[in-house]
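Taking it in order: structure first as structure tokens, then the write-up.
The values are calculated or read from the model by the stated rules, or taken from the named source; none is laboratory data. Since the model is a prediction, treat every value here as computed from it, not as a measurement. Don't worry about glycine lacking a Cβ; one is built from the backbone with ideal geometry, like all the others, and counts go over all protein chains shown. Surface areas here come from the heavy atoms of the whole protein model, side chains and all, with no ligands, DNA or RNA. Shrake-Rupley method; radii C 1.70, N 1.55, O 1.52, S 1.80 Å.
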Amino acid sequence: MHNRGMTEEHSLRRRRKATRREEILAAAHQAFVESSFDSVAMGDIARRADCVEGTIYTYFKNKRALFDAVLAQFYDRLIAEIQPNVQAVTGTRDRLVYLVARHLQIALDEPGLARLITREARSDSLYRGSELHRLNRRYSQCMMLVLQEGQSRGEIKAGVDIKLLRDLIFGGLEHVSWNALAQGQRLDPGKRAAQLVDLLMAGCLVREEDGLGTRIERIEAQLALLVAAPPSGASAARKGAVAALRVASSSRSR
């Protein structure tokens with residue numbers, strides 16, 4: 001009976017410790033999103049968590065470790081939600097629309113956190129190599145996998161630089177989100193996501209009408225323009241382009 005009582009007491013302490021950690025994280029989350037990393041004091045977080053400041057250091061080495069834990073908790077939950085959901089969607093375009101819409105939803109659900117992450121990523125000279133950098137890379141990997149799979153299935157043109165495309169998407173998302181937050185705009189994540197993806201992917205997705213006949217027509221149109229150019233404009237480069245287009249047109253016609 002004595003051993004059983006000790007075990008139950010130990011289990012209760014562990015549960016209480018886990019609960020206290022969650023309370024501190026929740027208090028820190030609220031404090032950081034309402035202000036900024038630099039301006040938040042550990043004493044303020046302790047008051048919000050209804051504990052003494054020393055208790056916080058039992059769980060977290062310093063304010064930076066606590067801040068990193070707040071970010072990690074947010075990203076862990078977000079990625080755990082996204083990964084199975086994106087796999088349930090078929091087609092590269094629709095997967096991208098889902099990811100973009102979910103990203104934009106953050107600005108609606110967590111505007112303070114969205115501002116905080118953007119501010120820290122922009123202003124912190126130690127961003128590269130930081131926990132936030134690591135978390136952002138892990139999060140962006142969801143997008144990279146969709147783009148890589150889309151290219152391997154032939155839905156994205158083979159010559160497209162996937163990393164550059166990823167950067168364009170996230171760059172556009174940051175601009176749209178930041179403008180909405182700064183101007184107090186109410187976004188429609190689904191509608192804006194479809195607009196962004198269609199705009200960015202217009203030159204990257206392989207379209208059904210881009211069949212052999214269409215590609216030959218484009219090559220022949222370019223060839224006609226080059227041949228019709230004034231003789232004075234002829235050069236070695238022009239002659240080489242004409243020859244290359246003729247070869248390409250001939251080979252595709254076979």
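Within segment 126-144, restricting attention to residues that are part of a loop (DSSP other than H, G, I, E, B) and of a type outside the set (A, V, I, L, M, F, W, C), the residue that is least open to solvent (accessible area, probe 1.4 Å) is 130. Sub-6 Å Cβ pairs linking a first residue in segment 129-147 that is in contact (Cβ under 8 Å) with a residue 60 or more places away in the chain to a second residue that is open to solvent by 30 Å² or more (accessible area, probe 1.4 Å) and assigned to a helix (DSSP H, G or I), at least 6 apart or interchain, are 131/68, ordered by first then second residue.
Evaluated against (1) part of a helix (DSSP H, G or I); (2) open to solvent by 40 Å² or more (accessible area, probe 1.4 Å); (3) of a type in the set (S, T, N, Q), residue 39 falls short on exactly one condition, (1). Candidates 188, 94, 124: the one that is under 16 Å from the mean Cα position of the chain (by Cα), among the acidic types (Asp, Glu) and either farther than 23 Å from residue 67 by Cβ or modelled with pLDDT under 90 (or both) is 94. So how many residues does segment 78-92 have that are surrounded by 15 or more Cβ atoms within 10 Å (Cβ to Cβ) and under 26 Å from residue 157 (Cβ atoms)? Residues flagged as surrounded by 15 or more Cβ atoms within 10 Å (Cβ to Cβ) and under 26 Å from residue 157 (Cβ atoms) within segment 78-92 amount to 4. I need the full set of residues from segment 150-193 which are surrounded by 15 or more Cβ atoms within 10 Å (Cβ to Cβ), without any contact (Cβ under 8 Å) to a residue 40 or more places away in the chain and of a type in the set (S, T, N, Q), in order please. Matches in segment 150-193: 151 only. I'd like to know if segment 145-154 contains one or more residues that are more than 18 Å from residue 78 (Cβ to Cβ) and not in a helix (DSSP H, G or I). Yes.
Among the residues of segment 93-116, those identified as touching an Asp or Glu at 6+ places or on another chain (Cβ under 9 Å) and either exposed (fewer than 15 other Cβ atoms within 10 Å of the Cβ) or β-branched (Val, Ile, Thr) (or both) are 97, 112. Of all residues in segment 24-48, those that are at pLDDT below 95 and of a type in the set (Gly, Ala, Ser) total 3.
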